[in-house]
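The values are calculated or read from the model by the stated rules, or taken from the named source; none is laboratory data. Because the structure is a prediction, the values reported are computed rather than measured. Quick reminder, even Gly has a Cβ in these numbers, built from the backbone with ideal geometry, and neighbours come from all protein chains shown.
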Amino acid sequence: MDNTTTKTQVTADTAEAEEKTQAASGLGKFKDVDALLEAYSSLEAEFTRRSQRLKELEKAAKEESAAPSETQTPPPQSGLTGAQLLEAVEKDEEVKAKIIAEYLENAAKNKSVPLISGGVKVSARRATPATVQEAGALAQQFLNKRR
């Protein structure tokens, strides 16, 4: 009877050792579950710190964009309407030249190709020959274009 108890105990110890080995292989580079738990806790704390920092930066950026910039000067408040102002600018060649130069400078900085999206396809009328002579003429045109 002693042999049976010893074999059962050895088998149980072997099974337990195998489970630990499989669990350790599932933990990757961590030695044990405690090391994994500690790494997870520190990772979670770092993630929280970074999330809070990001939130602060986003709030600061939002406040900065909402506040008027020192470089931007408000347009002068004159008693002229838009039409009167346009008329005054059209008469003054120097102002017109400055506006055009500024526009061209900004356009040159932002060189981008506008993308066309949407729209419909335009199909050409299909040329179907009615006779053998027309088919020959179309074939001749096609071959002449390929040369």
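Observations on the structure shown:
Table: residues versus (1) at pLDDT below 80; (2) out of contact with any Leu (no Cβ under 9 Å at 6 or more places or on another chain); (3) surrounded by 10 or more Cβ atoms within 10 Å (Cβ to Cβ); (4) not aliphatic (A, V, I, L, M).
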residue: Ser25; (1), (2), (3), (4): yes, yes, no, yes
residue: Ala35; (1), (2), (3), (4): no, no, yes, no
residue: Glu38; (1), (2), (3), (4): no, yes, yes, yes
residue: Pro76; (1), (2), (3), (4): yes, yes, no, yes
residue: Gly79; (1), (2), (3), (4): yes, yes, no, yes
residue: Lys98; (1), (2), (3), (4): no, yes, yes, yes
residue: Asn106; (1), (2), (3), (4): no, yes, no, yes
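- Selection of first residues in segment 36-61 that are closer than 30 Å to Gly26 by Cα and of second residues that are of a type in the set (Gly, Ala, Ser), restricted to Cβ pairs under 9 Å at least 6 apart or on distinct chains, gives the following pairs, ordered by first then second residue: Leu36/Gly28.
- Meets criteria (part of a helix (DSSP H, G or I), surrounded by fewer than 10 Cβ atoms within 10 Å (Cβ to Cβ), at pLDDT 80 or above and not small (Gly, Ala, Ser)) for Gln133: yes
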